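Here the structure comes first, spelled out in C-alpha coordinates, and everything after it is commentary.
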Amino acid sequence: MNFRGLIVAVVVLGALGGVLYWSQHRKPTEEVAPASTATVILQVNAADVTQLTIKQKTSVSVETADGKWQITQPAPYPADQETVAGLLSTLSGVNADRVVEDKASDRKQYGLDPPAVEVDIAGKGHAPQQLLLGDETPAGGDVYAALAGDHRVFTIASSSKTSLDKSLNDLRDKSLLTLSPDKVSRVELLKKTEEIEFDRTKDGWQMLKPKPAVADSFAVNDLVRSLTGAKMDLSAPSDASAEFARGTAVATAKLTGDAGVQTLEVRKNKTEYYAKSSVVAGTYKVDSALGQALDKKPEDFQSKQK
(Lines give C-alpha, C1' and ligand atoms only; values in the text may rest on other atoms or scores of the structure.)
Protein backbone atom coordinates (compact mmCIF):
# COMPACT_ATOMS: atom_id res chain seq x y z
CA MET A 1 0.00 0.00 0.00
CA ASN A 2 1.43 3.41 -0.93
CA PHE A 3 1.62 6.28 1.50
CA ARG A 4 -1.18 8.25 -0.15
CA GLY A 5 -3.63 5.32 0.13
CA LEU A 6 -2.79 4.95 3.80
CA ILE A 7 -3.68 8.61 4.44
CA VAL A 8 -7.02 8.23 2.69
CA ALA A 9 -7.86 5.14 4.73
CA VAL A 10 -7.06 6.92 8.00
CA VAL A 11 -9.28 9.88 7.06
CA VAL A 12 -12.18 7.58 6.13
CA LEU A 13 -11.87 5.61 9.38
CA GLY A 14 -11.79 8.82 11.38
CA ALA A 15 -14.94 10.10 9.70
CA LEU A 16 -16.77 6.83 10.36
CA GLY A 17 -15.69 6.90 13.99
CA GLY A 18 -17.00 10.44 14.37
CA VAL A 19 -20.37 9.53 12.88
CA LEU A 20 -20.60 6.51 15.20
CA TYR A 21 -19.75 8.62 18.29
CA TRP A 22 -22.30 11.29 17.36
CA SER A 23 -25.06 8.74 16.75
CA GLN A 24 -24.48 7.14 20.16
CA HIS A 25 -24.24 10.36 22.19
CA ARG A 26 -26.71 12.74 20.60
CA LYS A 27 -29.94 13.40 22.54
CA PRO A 28 -33.00 11.93 20.87
CA THR A 29 -35.56 14.40 19.65
CA GLU A 30 -38.21 14.82 22.35
CA GLU A 31 -41.60 13.67 21.26
CA VAL A 32 -44.30 16.27 21.67
CA ALA A 33 -47.11 14.91 23.83
CA PRO A 34 -50.44 14.94 22.05
CA ALA A 35 -52.92 17.53 23.27
CA SER A 36 -55.49 16.25 25.75
CA THR A 37 -58.71 15.14 24.11
CA ALA A 38 -60.70 14.46 27.29
CA THR A 39 -64.44 14.88 26.78
CA VAL A 40 -66.00 17.09 29.44
CA ILE A 41 -69.34 15.55 30.38
CA LEU A 42 -70.34 18.01 33.06
CA GLN A 43 -68.92 21.27 34.32
CA VAL A 44 -70.75 22.93 37.20
CA ASN A 45 -70.02 26.26 38.85
CA ALA A 46 -70.39 25.52 42.57
CA ALA A 47 -71.42 29.09 43.34
CA ASP A 48 -74.48 28.75 41.06
CA VAL A 49 -75.80 25.48 42.52
CA THR A 50 -78.81 25.85 44.81
CA GLN A 51 -79.98 22.24 45.11
CA LEU A 52 -78.54 18.74 44.78
CA THR A 53 -80.56 15.52 44.82
CA ILE A 54 -78.94 12.10 44.95
CA LYS A 55 -81.25 9.28 43.93
CA GLN A 56 -80.49 5.67 44.78
CA LYS A 57 -83.06 3.33 46.30
CA THR A 58 -84.12 6.42 48.22
CA SER A 59 -83.53 10.11 47.55
CA VAL A 60 -81.74 12.74 49.60
CA SER A 61 -81.76 16.44 48.74
CA VAL A 62 -79.69 19.34 50.02
CA GLU A 63 -80.42 23.02 49.49
CA THR A 64 -78.43 26.11 50.29
CA ALA A 65 -79.82 28.96 52.38
CA ASP A 66 -77.77 31.94 53.49
CA GLY A 67 -74.61 30.21 52.32
CA LYS A 68 -75.22 27.08 54.40
CA TRP A 69 -76.36 23.70 53.11
CA GLN A 70 -79.32 21.92 54.71
CA ILE A 71 -80.84 18.52 54.06
CA THR A 72 -84.48 18.95 52.98
CA GLN A 73 -85.40 15.41 51.90
CA PRO A 74 -86.35 12.90 53.28
CA ALA A 75 -86.50 15.10 56.40
CA PRO A 76 -84.85 18.34 57.51
CA TYR A 77 -81.38 17.88 59.01
CA PRO A 78 -78.23 19.99 59.20
CA ALA A 79 -75.88 18.97 56.38
CA ASP A 80 -72.17 18.25 56.62
CA GLN A 81 -70.74 21.28 54.82
CA GLU A 82 -67.45 19.59 53.89
CA THR A 83 -69.21 16.58 52.35
CA VAL A 84 -71.43 18.81 50.21
CA ALA A 85 -68.36 20.83 49.17
CA GLY A 86 -66.78 17.53 48.06
CA LEU A 87 -69.82 16.76 45.88
CA LEU A 88 -69.61 20.18 44.24
CA SER A 89 -65.88 19.78 43.67
CA THR A 90 -66.47 16.50 41.82
CA LEU A 91 -69.27 18.01 39.74
CA SER A 92 -67.13 21.01 38.79
CA GLY A 93 -65.42 18.86 36.17
CA VAL A 94 -66.57 15.37 35.20
CA ASN A 95 -64.46 14.08 32.29
CA ALA A 96 -65.04 10.98 30.19
CA ASP A 97 -62.24 8.48 29.71
CA ARG A 98 -63.90 7.40 26.47
CA VAL A 99 -67.16 7.49 24.53
CA VAL A 100 -68.67 3.99 24.44
CA GLU A 101 -71.58 4.78 22.12
CA ASP A 102 -72.68 7.95 20.37
CA LYS A 103 -76.29 6.84 20.08
CA ALA A 104 -77.04 4.14 22.64
CA SER A 105 -80.38 2.42 22.01
CA ASP A 106 -80.21 0.18 25.10
CA ARG A 107 -78.79 1.64 28.31
CA LYS A 108 -79.79 -1.31 30.48
CA GLN A 109 -76.65 -3.21 29.50
CA TYR A 110 -74.61 -0.42 31.11
CA GLY A 111 -76.65 -0.25 34.30
CA LEU A 112 -78.05 3.12 33.28
CA ASP A 113 -81.73 2.24 32.86
CA PRO A 114 -82.48 2.68 35.65
CA PRO A 115 -79.18 4.18 36.85
CA ALA A 116 -77.46 2.95 39.99
CA VAL A 117 -77.08 6.57 41.06
CA GLU A 118 -78.65 9.73 39.66
CA VAL A 119 -77.43 13.20 40.62
CA ASP A 120 -79.85 16.04 39.88
CA ILE A 121 -78.40 19.54 39.86
CA ALA A 122 -80.43 22.75 40.00
CA GLY A 123 -78.96 26.21 40.04
CA LYS A 124 -78.95 29.78 38.87
CA GLY A 125 -78.51 30.58 35.19
CA HIS A 126 -78.98 27.10 33.72
CA ALA A 127 -81.57 24.38 33.27
CA PRO A 128 -81.60 21.41 35.68
CA GLN A 129 -79.07 18.70 34.83
CA GLN A 130 -79.07 14.97 35.59
CA LEU A 131 -75.93 12.86 35.74
CA LEU A 132 -76.58 9.10 35.49
CA LEU A 133 -74.07 6.59 36.88
CA GLY A 134 -74.21 2.88 36.09
CA ASP A 135 -72.23 -0.35 36.38
CA GLU A 136 -68.49 -0.76 36.63
CA THR A 137 -66.77 -1.60 33.34
CA PRO A 138 -65.55 -5.22 32.86
CA ALA A 139 -61.90 -4.11 33.07
CA GLY A 140 -62.57 -2.18 36.27
CA GLY A 141 -61.43 1.30 37.26
CA ASP A 142 -64.24 3.01 35.34
CA VAL A 143 -68.03 3.15 35.44
CA TYR A 144 -70.56 3.86 32.73
CA ALA A 145 -72.14 7.31 32.79
CA ALA A 146 -74.58 9.42 30.78
CA LEU A 147 -76.48 12.68 30.90
CA ALA A 148 -80.26 12.85 30.74
CA GLY A 149 -81.23 14.03 27.26
CA ASP A 150 -77.89 12.97 25.74
CA HIS A 151 -77.81 9.70 23.74
CA ARG A 152 -74.12 9.12 24.36
CA VAL A 153 -72.71 6.65 26.91
CA PHE A 154 -69.33 7.38 28.47
CA THR A 155 -66.95 5.83 30.93
CA ILE A 156 -65.64 7.89 33.84
CA ALA A 157 -63.32 7.13 36.73
CA SER A 158 -64.87 4.94 39.45
CA SER A 159 -63.63 7.46 42.02
CA SER A 160 -66.13 10.00 40.65
CA LYS A 161 -69.01 7.63 41.38
CA THR A 162 -67.64 6.97 44.87
CA SER A 163 -67.47 10.71 45.52
CA LEU A 164 -71.07 11.24 44.42
CA ASP A 165 -72.73 8.09 45.80
CA LYS A 166 -73.74 9.54 49.17
CA SER A 167 -76.53 8.42 51.48
CA LEU A 168 -78.51 10.42 54.02
CA ASN A 169 -76.12 9.37 56.78
CA ASP A 170 -73.13 10.42 54.69
CA LEU A 171 -74.59 13.91 54.20
CA ARG A 172 -75.79 14.55 57.75
CA ASP A 173 -73.85 16.81 60.08
CA LYS A 174 -73.01 14.42 62.89
CA SER A 175 -72.07 17.07 65.46
CA LEU A 176 -73.94 16.75 68.76
CA LEU A 177 -73.06 20.26 69.94
CA THR A 178 -72.65 23.43 67.90
CA LEU A 179 -70.40 25.44 70.21
CA SER A 180 -66.94 26.54 69.15
CA PRO A 181 -64.36 25.17 71.63
CA ASP A 182 -62.47 28.46 71.95
CA LYS A 183 -65.75 30.29 72.73
CA VAL A 184 -66.76 28.05 75.65
CA SER A 185 -66.57 30.09 78.86
CA ARG A 186 -67.97 27.66 81.43
CA VAL A 187 -68.13 23.86 81.81
CA GLU A 188 -70.23 21.94 84.31
CA LEU A 189 -70.08 18.18 84.78
CA LEU A 190 -73.10 16.86 86.67
CA LYS A 191 -72.48 13.41 88.04
CA LYS A 192 -74.45 11.14 90.36
CA THR A 193 -72.27 11.84 93.39
CA GLU A 194 -70.62 15.19 92.61
CA GLU A 195 -70.46 18.28 90.46
CA ILE A 196 -67.36 19.66 88.75
CA GLU A 197 -67.42 23.20 87.41
CA PHE A 198 -64.84 25.27 85.51
CA ASP A 199 -64.76 28.91 84.53
CA ARG A 200 -62.50 30.36 81.84
CA THR A 201 -60.46 33.37 82.95
CA LYS A 202 -57.88 35.50 81.14
CA ASP A 203 -55.18 33.30 82.68
CA GLY A 204 -56.76 29.95 81.85
CA TRP A 205 -59.29 27.71 83.57
CA GLN A 206 -60.34 27.97 87.20
CA MET A 207 -62.11 25.16 89.06
CA LEU A 208 -65.16 26.39 91.01
CA LYS A 209 -66.60 23.08 92.19
CA PRO A 210 -66.33 20.88 94.17
CA LYS A 211 -63.97 23.51 95.66
CA PRO A 212 -62.08 26.47 94.18
CA ALA A 213 -58.68 25.55 92.73
CA VAL A 214 -56.39 26.33 89.82
CA ALA A 215 -57.32 23.95 87.00
CA ASP A 216 -54.99 22.22 84.58
CA SER A 217 -55.86 24.23 81.47
CA PHE A 218 -54.56 21.52 79.14
CA ALA A 219 -56.82 18.91 80.76
CA VAL A 220 -59.90 21.17 80.67
CA ASN A 221 -59.22 22.18 77.06
CA ASP A 222 -59.02 18.50 76.12
CA LEU A 223 -62.38 17.95 77.82
CA VAL A 224 -63.93 20.90 75.95
CA ARG A 225 -62.59 19.62 72.61
CA SER A 226 -63.99 16.15 73.32
CA LEU A 227 -67.42 17.59 74.06
CA THR A 228 -67.65 20.11 71.21
CA GLY A 229 -66.23 17.52 68.80
CA ALA A 230 -68.63 14.74 69.84
CA LYS A 231 -70.14 12.96 66.83
CA MET A 232 -73.15 10.67 66.49
CA ASP A 233 -72.41 7.18 65.20
CA LEU A 234 -75.13 6.61 62.61
CA SER A 235 -73.79 3.20 61.64
CA ALA A 236 -74.87 1.61 64.92
CA PRO A 237 -77.45 -1.09 64.09
CA SER A 238 -79.17 -1.23 67.48
CA ASP A 239 -81.85 1.10 68.84
CA ALA A 240 -79.80 3.79 70.53
CA SER A 241 -82.73 5.17 72.50
CA ALA A 242 -83.38 1.78 74.12
CA GLU A 243 -79.69 1.29 74.89
CA PHE A 244 -79.53 4.80 76.36
CA ALA A 245 -82.55 4.12 78.59
CA ARG A 246 -80.93 0.95 79.94
CA GLY A 247 -77.58 2.64 80.46
CA THR A 248 -75.89 3.93 83.60
CA ALA A 249 -75.32 7.68 83.84
CA VAL A 250 -71.73 8.77 83.23
CA ALA A 251 -72.25 12.54 83.33
CA THR A 252 -74.26 15.39 81.95
CA ALA A 253 -72.06 18.11 80.52
CA LYS A 254 -73.39 21.67 80.48
CA LEU A 255 -71.41 24.11 78.33
CA THR A 256 -71.86 27.88 78.10
CA GLY A 257 -70.52 29.55 75.00
CA ASP A 258 -71.11 31.82 72.03
CA ALA A 259 -74.31 29.98 71.05
CA GLY A 260 -75.77 29.93 74.56
CA VAL A 261 -76.03 26.96 76.92
CA GLN A 262 -75.93 23.42 75.53
CA THR A 263 -76.03 20.08 77.33
CA LEU A 264 -74.91 16.56 76.50
CA GLU A 265 -76.04 13.62 78.63
CA VAL A 266 -73.89 10.50 78.33
CA ARG A 267 -74.69 7.00 79.56
CA LYS A 268 -72.91 3.66 79.39
CA ASN A 269 -74.52 0.32 78.60
CA LYS A 270 -72.08 -2.56 78.97
CA THR A 271 -69.07 -1.40 76.95
CA GLU A 272 -70.85 1.14 74.70
CA TYR A 273 -71.64 4.82 75.25
CA TYR A 274 -74.77 6.70 74.21
CA ALA A 275 -75.61 10.40 74.26
CA LYS A 276 -78.54 12.80 74.09
CA SER A 277 -77.99 16.44 73.12
CA SER A 278 -80.06 19.53 73.87
CA VAL A 279 -79.54 20.85 70.32
CA VAL A 280 -80.01 17.70 68.21
CA ALA A 281 -83.12 15.55 68.35
CA GLY A 282 -82.64 11.87 69.10
CA THR A 283 -80.30 9.58 71.00
CA TYR A 284 -77.09 8.28 69.47
CA LYS A 285 -74.21 5.92 70.01
CA VAL A 286 -70.94 7.82 70.51
CA ASP A 287 -67.27 6.97 70.56
CA SER A 288 -65.99 5.46 73.81
CA ALA A 289 -63.34 8.22 74.00
CA LEU A 290 -66.10 10.70 74.88
CA GLY A 291 -67.30 8.59 77.79
CA GLN A 292 -63.75 8.14 79.02
CA ALA A 293 -63.15 11.92 78.84
CA LEU A 294 -66.14 12.47 81.14
CA ASP A 295 -65.43 9.60 83.53
CA LYS A 296 -62.83 11.50 85.55
CA LYS A 297 -62.48 12.86 89.06
CA PRO A 298 -61.87 16.47 90.16
CA GLU A 299 -58.21 15.78 90.91
CA ASP A 300 -57.69 14.77 87.27
CA PHE A 301 -58.38 18.39 86.32
CA GLN A 302 -56.43 20.15 89.06
CA SER A 303 -53.17 21.88 88.24
CA LYS A 304 -50.09 19.94 89.39
CA GLN A 305 -47.96 23.08 89.52
CA LYS A 306 -47.12 24.51 92.92
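Solvent-accessible area per residue for segment 94-189 at a 1.4 Å probe radius, Å²?
Normalised by residue count, the accessible surface of segment 94-189 is 48 Å².
Find the relative contact order for segment 177-250 and round it to a whole percent, using C-alpha pairs within less than 8 Å whose residues are 6+ positions apart.
Result for segment 177-250 is 26 percent.
Considering only protein heavy atoms and a probe of 1.4 Å, how much of the accessible area of the chain is carbon and sulfur, as a whole percent?
Using a 1.4 Å probe with all protein chains present, the chain comes out at 51 percent carbon and sulfur.
Using label points projected 7 Å from each Cα along Cα→Cβ, tell me how many nm separate Val40 and Lys304, to one decimal.
With each label placed 7 Å out from Cα toward Cβ, I get 5.9 nm.
What list of ³J(HN,Hα) values in whole Hz, one per residue of segment 196-213 in order, does the Karplus curve 6.51 cos²θ - 1.76 cosθ + 1.60 (θ = phi - 60°) give from phi, with Gly and Pro shown as x?
Using θ = phi - 60°, the values come out as 10, 9, 10, 10, 7, 10, 5, 9, x, 9, 10, 7, 9, 9, x, 8, x, 6 Hz.
When every alpha-carbon pair in segment 167-218 is counted, what percent end up more than 18 Å apart? Intermediate results must be reported in sequence, preceding the final value.
Details: 628 of 1326 pairs.
In whole percent, the long-distance tail amounts to 47.
Report ³J(HN,Hα) in whole Hz for each residue of segment 130-145, in order, from the Karplus equation J = 6.51 cos²θ - 1.76 cosθ + 1.60 where θ = phi - 60°; Gly and Pro get x.
10, 9, 9, 10, x, 6, 6, 5, x, 6, x, x, 10, 10, 7, 8
Where does each of Arg172, Arg200, Arg246 land when they are ordered by accessible area, with a 1.4 Å probe and the largest first? Could the numbers behind the result be given before it?
Details: Arg172 25, Arg200 85, Arg246 150 Å².
Listed by decreasing accessible area, they come as Arg246, Arg200, Arg172.
Looking at the chain as a GNM with Cα springs under 10 Å, which of Thr271, Thr228, Thr90 has the largest mean-square fluctuation?
Evaluated over the chain, the most mobile residue of the options is Thr271.
Can you compute the FRET efficiency between Ala65 and Ala236 using 1/(1 + (r/R0)^6), with r the Cβ-Cβ distance and R0 = 41 Å? Round to the nearest 0.05.
0.85
Rounded to two decimal places and with Rh computed the Kirkwood way over Cα pairs, what is Rg over Rh for segment 153-306?
Here Rg/Rh amounts to 1.09.
Which of rounded, prolate or oblate describes the chain when judged by the alpha-carbon gyration tensor and an a/c cut-off of 1.5?
Taking the square roots of the gyration eigenvalues as a ≥ b ≥ c, the chain is oblate.
Please list Asp97, Asp165 in order of solvent-accessible area, largest first, computed with a 1.4 Å probe with all protein chains present.
Asp97, Asp165
Around Arg98, which amide H atoms from residues at least 5 apart in sequence, or from another chain, sit under 5 Å from its own amide H, with H modelled in the peptide plane?
Thr155
Kindly list the residues of segment 269-305 that lie in the label zone of Arg246, defined by a backbone N under 11 Å from the point 7 Å along the Cα-to-C-beta vector.
269-271
Once every DSSP H run of n ≥ 4 in the chain is given -39500 (n - 2.57) and the sum is divided by its residues, what mean residue ellipticity at 222 nm do you get, rounded to the nearest 500 deg cm²/dmol?
My calculation for the chain gives -7000 deg cm²/dmol from helical runs alone.
Please build a GNM for the chain, connecting alpha carbons under 10 Å apart, and tell me which residue among Ala157, Ala127, Ala215 fluctuates the most.
For the chain, modelled as a Gaussian network with Cα springs under 10 Å, the answer is Ala127.
Taking 0.36 nm per intervening residue step and subtracting the Cα-Cα distance, what contour gain separates Lys211 from Gln109 on full extension?
Here the answer is 29.5 nm.
Using the per-residue mean of other Cβ atoms lying within 10 Å as a proxy for protection, in what order, highest first, do the peptides 272-283, 145-156 fall?
The densest-packed peptide leads the list: 272-283, 145-156.
Using the Cα centre of the chain as the reference point, and only Cβ charges (+1 on K/R, -1 on D/E), how large is the resulting charge dipole? Debye, rounded to the nearest 20.
Rounded to the nearest 20 debye, it is 800 debye.
Let me check I've understood the local charge: for Asn221, count other residues with C-beta under 12 angstrom from its C-beta, Lys and Arg +1, Asp and Glu -1. What total comes out? Please report the intermediate quantities before stating the final value.
On the way: positive: Arg200, Arg225; negative: Asp182, Asp216, Asp222.
Net local charge, Asn221 excluded: -1.
Multiply the residue separation of Asp48 and Ala259 by 0.36 nm, subtract the distance between their alpha-carbon atoms, and state the gained length in nm to one decimal.
On the way: separation 211, 0.36 × 211 = 75.96 nm, distance 3.00 nm.
Length difference between fully extended and current span is 73.0 nm.
What does the accessible area of Lys296 come to, in Å² to the nearest 10, when a probe of 1.4 Å is used?
Its accessible surface works out to 80 Å², give or take rounding.
Quick query: amide H of Asp113 versus all other amide H atoms, modeled in the peptide plane; which residues come in under 5 Å with a sequence gap of 5 or more or a different chain?
Lys108
How many angstrom lie between the C-alpha centres of segment 106-122 and segment 220-281?
The distance from the Cα centre of segment 106-122 to that of segment 220-281 comes to 40 Å.
Considering the alpha-carbon set of segment 205-248 alone, what are its Rg and its Dmax in angstrom?
Considering segment 205-248 through its Cα atoms, Rg and Dmax are 16.1, 44 Å.
Using a 1.4 angstrom probe on the protein heavy atoms only, could you order Lys191, Lys108, Lys103 from most to least accessible area?
Largest to smallest exposure gives the sequence Lys103, Lys108, Lys191.
The values are calculated or read from the model by the stated rules, or taken from the named source; none is laboratory data. For clarity, every value in this text was computed on a predicted model and none was experimentally measured. We place every Cβ from the backbone using ideal geometry, glycine too, and count neighbours over all the protein chains shown. What goes into the accessible areas is simple: the full protein's heavy atoms, side chains included, and nothing from ligands, DNA or RNA. Shrake-Rupley method; radii C 1.70, N 1.55, O 1.52, S 1.80 Å.
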